[in-house]
Amino acid sequence: MFVRLRSLNPTAASFALSTATLGHAIQISSGNFTPHALWWMGLSFAFCLFGALTHRFAGSLSSDGARLVEVLLMLGILWNVTQLMTAPPGSSVTDDVSLVPFFAGCMAINALALLGVLKVGFARRWWFPAALLVGLLLGIWMFHASPNPPIDVVVVHNEAIDAFLKGHDPYRISFPNIYGDDLRYYYNPAVVFGNRIGFGYPYPPPSLILAIPGYVLFGDYRYSELAFLIGGLALIGYSRRHIGAKLAAVMLLTTPRGFFVLEQGWTEPIALFLLALTTFLMMEGPVRASWAAGLMLATKQYLPFTGLAVLRSLLLDRRRWKTALFVIILTGAVCILPFAFWHPNAFMRSVVWLQTLEPFRTDSLSFLIWADRNGYGRGSFLWAVGAAIIAAIVTLFTTRNTASGFAASAALTMFAMFALGSKAFCNYYYFVIGAMCIAIAAFPGPGEDEFISR
């Protein structure tokens, strides 16, 4: 019985179920709190937890295990596309834009995935690149359909990039308030000065630098986000030879609120690309993945909580672990220190202290918000930090020290952090979905070795 269960790879199957249910949770109210959405998020968390706890007992995908994962992912893709077809893909699509091209593109991706699952001869090699191409075109359509979404993320990106290109410190700027009288719901009064918001670019430097090409070439930094998303999907799909890897990429591509994430200009596509790149290179050993890991850890404030999994991966090469650790530290230092030393107080205020000053968001999709609404007390960001640390430590023992185990650890660590956080929205859960898709794809298929040489 145990051998049979192990051959079906319960981790990959659980992650497939978790990605589908979490995608539905953030679709219900675009990642904001409702009791219904919280129920689906809780179900997804249970699947993710089970997957992470069973990872050590899950080996390579057997023929039966690969087939089960293919079926679950294909059903998830069908569900995703159905949801994409029944709701606008963004929140600010202009009234004169026809949704027909978007719906046609979604149907095309679904049809291409079916061709891949059915192993139709003429489509075996090109169905996945074609799906990525359609996804790229849909992303471009999204930007034209919603050129100016009313969100401060877009405003502060544009202000920061423009300041940096003119030689000014992007962490020492202010930007206009676009929320009117509702601004205190989004910002701590301590950072509001008249009608200006008194902090600079709120993310670490790599997110800014990697967003610049889209701004320079196309006048919209979101094109960089789209390019990194498509690149990350390609890394996921080609990480292994089995079709489950490609279906995992399509699962992320069709996540119902994925195009909403692109529309809003959130930075998670860059973070997912770097997580996928680190996992992809980790199959060849920690030394080759070290520079990507260092860049990843320096990209978002929450990603250093995956550091324990990164450090554990160094044990895969006991002879050269010091070299890998040096490269990780050097990469992070090169990315961050020039900006941190430019104006240290401004940098710390925007990147670090701001995270502790943000208001308690009662619209977050989080167990902490449920507790507050039901009179159990109002928690703080320390709940999120504690949950992430506990999950990171637990997964050191429950996941195997492999590329898939690294991604699985990252998925549960981030999921626990957001599910018990006071600020947990669509983009954060989108990252969790991506991390689980990466973990599924990184499992070796029938006849594949755990570590490969390219």
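Please treat every number below as a calculation from the coordinates, not as lab data. Note that the structure is predicted; figures quoted are calculated from it, not measured. Cβ sites come from the backbone with ideal geometry, for glycine too, and all protein chains shown count toward neighbours.
Per-residue Cβ neighbour counts within 10 Å put D182, D363, D372 in the sequence D182, D363, D372, beginning with the fewest. Projecting the Cα atoms of I173, A160, V100 onto the charge dipole of the range 92-201, computed from C-beta unit charges around the Cα centre, puts V100 farthest toward the positive end.
A Förster radius of 30 Å combined with the Cβ-Cβ distance from Q301 to E448 puts the calculated FRET efficiency at roughly 0.30. Bridgeable aspartates and glutamates around K119 (alpha carbons under 20 Å apart, same-chain partners fewer than 8 residues away excluded): D64, E70, E448. When the chymotrypsin sites (Phe, Trp or Tyr not before Pro) in the range 391-454 are filtered for DSSP coil states and for at most 15 other beta-carbon atoms within 10 Å of their beta-carbon, the remaining sites are F451.
Seen against the Cα atoms of the chain and their longest principal axis, helix 381-398 is set at about 20 degrees. Relative to the longest principal axis of the Cα atoms of the chain, helix 268-282 runs at roughly 40 degrees. Ordering G31, F199, G116 by Cα displacement along the dipole of the range 2-442 toward the positive end leaves G116 in first place; charges were set at the Cβ atoms of Lys, Arg (+1) and Asp, Glu (-1).
Taking other C-beta atoms within 10 angstrom as a stand-in for reagent exposure, I236, I440, I209, I77 fall in the order I209, I77, I236, I440, fewest first.
Over what distance in Å are the Cα centres of the range 360-414 and the range 109-148 separated? First find each Cα centre; the distance between them is then 33 Å. Net length available on complete extension from D162 to R196 is 10.5 nm, with 0.36 nm assigned per residue and the Cα-Cα distance removed. In the range 2-442, taking the dipole from charged Cβ atoms about the Cα centre, the farthest positive-side position among L233, A190, P213 is held by L233.
Here the 3J(HN,Hα) profile of the range 54-65, calculated from phi with Karplus coefficients 6.51, -1.76 and 1.60 at θ = phi - 60°, is 9, 4, 5, 9, 9, x, 5, 5, 6, 4, 5, x Hz, Gly and Pro shown as x. Electrostatic bookkeeping for A245 treats Lys and Arg as +1 and Asp and Glu as -1; over the other residues with beta carbon under 13 Å from its beta carbon, the sum is +1.
Length available on full extension from L330 to A111: 0.36 nm per residue minus the Cα-Cα distance, which gives 74.3 nm. Only lysines eight or more places from K166 in sequence, or on another chain, were considered; those with a Cα closer than 25 Å are K300.
Using the Cβ of G180 as centre and a radius below 15 Å, the other residues enclosed give a net charge of -1, where K and R count +1 and D and E count -1. Couplings 3J(HN,Hα) of the range 94-106, computed from phi: 5, 5, 8, 8, 7, 8, 4, x, 5, 4, 5, x, 4 Hz, in residue order, whole Hz [Karplus 6.51 cos²θ - 1.76 cosθ + 1.60, θ = phi - 60°; x for Gly and Pro].
Rounded to the nearest 20 debye, the dipole magnitude of the chain is 1420 debye, with +1 charges on Lys and Arg beta carbons, -1 on Asp and Glu beta carbons, and the Cα centre as origin. Across the range 60-76, the residues whose backbone nitrogen lies under 14 Å from the label position 7 Å along the beta-carbon direction of L43 are 76. Close amide-amide hydrogen proximity is noted between F175 and I197, F199, each under 5 Å apart and 5 or more residues distant or on a separate chain (H modeled in the peptide plane; Pro and chain starts excluded).
One decimal place: the segment S62-E358 gains 101.9 nm when fully extended, by the rule 0.36 nm per residue minus the C-alpha distance. Just how far, in whole angstrom, is the range 171-203 from the range 314-343 if you go by their alpha carbon centroids? Taking the Cα centre of the range 171-203 as reference, the centre of the range 314-343 is 33 Å away. The C-alpha atoms of the chain define a longest principal axis, and helix 35-53 lies at about 50 degrees to it. The chymotrypsin sites (Phe, Trp or Tyr not before Pro) of the range 150-206 meeting both criteria, a DSSP state outside H, G, I, E and B (loop) and at most 16 other C-beta atoms within 10 angstrom of the site's C-beta, are Y179. Under the convention that each Lys and Arg Cβ holds +1 and each Asp and Glu Cβ holds -1, the size of the dipole of the range 160-284 around its Cα centre is about 260 debye.
With neighbour counts taken as other beta-carbon atoms within 10 Å, the residues E225, E70, E263, E358 rank, fewest first, as E358, E70, E263, E225.
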